[in-house]
Amino acid sequence: MLHENDVYKIGTITRCHGVRGEVAMRFTDDVWDRTDADYLFCRMDGLLVPFFLEEWRFRSDDVALLKFADVDDADTARRMVGADVCFPKALTPDAVAAEDVTWQMLTGFEVWQQGAASPLGTVEAVLDQTANILLSIRTTGGSEVLVPAHEDFIVSADHVQRRLLVSVPDELLSLNA
């Protein structure tokens, strides 16, 4: 039986596309393409339901059009709108080649401050519109913290568990509060 901690969210189905049953997914991680996954899970009515991929194509840097098996019309696809799309951790590559690592890949990672007993939050977005790349972290308390995406602050990144260990000065975290 699949549990919530066996998967991680990689996107959300935002709308139907056409009449063949395709859906548009806004994604934060294109892991399904990098691993040639055959299926993804969609959270439907609180349950993780597997859907086998027939085909997909990228529409933009953060939107893909997906065609799932047995979803052959717009009415069926419409029921999927709003569903979270999840990827099984078991299929995540154990190691990511150093040349393939991007800051965007950290979106969705759970963030732990070094030495802390509980997580700081989750990387909600990577803001890379300027020369200074920032990680937008949604704290467990619900506020947003902006942390420079700099190697001096990042201790390690576990791509399998999707955890980011950071060492950020408390003064910098309090600037965002």
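The values are calculated or read from the model by the stated rules, or taken from the named source; none is laboratory data. This is a predicted model, so every value here is computed, not measured. A quick note on method: Cβ atoms are made from the backbone with ideal geometry, for glycine too, and the neighbour counts reach across all protein chains shown. Only protein heavy atoms, including side chains, enter the accessible area calculation; ligands, DNA and RNA are left aside. Shrake-Rupley method; radii C 1.70, N 1.55, O 1.52, S 1.80 Å.
The table for this structure:
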read-out: Test for Phe87: is it open to solvent by 50 Å² or more (accessible area, probe 1.4 Å), under 30 Å from His150 (Cβ atoms) and not small (Gly, Ala, Ser); value: no
read-out: Residue that is farthest from Val111 (Cα to Cα) [pool: residues in region 125-177 that are under 16 Å from the mean Cα position of the chain (by Cα) and of a type in the set (A, V, I, L, M)]; value: Leu127
read-out: Residue within region 70-77 that is within 17 Å of the chain's Cα centre (by Cα) and either open to solvent by less than 60 Å² (accessible area, probe 1.4 Å) or at pLDDT 95 or above (or both) present; value: no
read-out: So Arg59, is it closer than 27 Å to Ile133 by Cα and open to solvent by 60 Å² or more (accessible area, probe 1.4 Å); value: yes
read-out: Segments classed as strands (runs of 3 or more DSSP E), wholly inside region 86-177, with at least 3 members that are among the β-branched types (Val, Ile, Thr) and modelled with pLDDT of 80 or more; value: 121-127
read-out: Flag if Met44 is touching a Lys or Arg at 6+ places or on another chain (Cβ under 9 Å) and either open to solvent by less than 60 Å² (accessible area, probe 1.4 Å) or within 23 Å of Val123 (Cα to Cα) (or both); value: yes
read-out: Residues (over 22 Å from Glu124 (Cβ atoms), modelled with pLDDT of 90 or more and touching a Leu at 6+ places or on another chain (Cβ under 9 Å)) located in region 19-37; value: Glu22, Val23
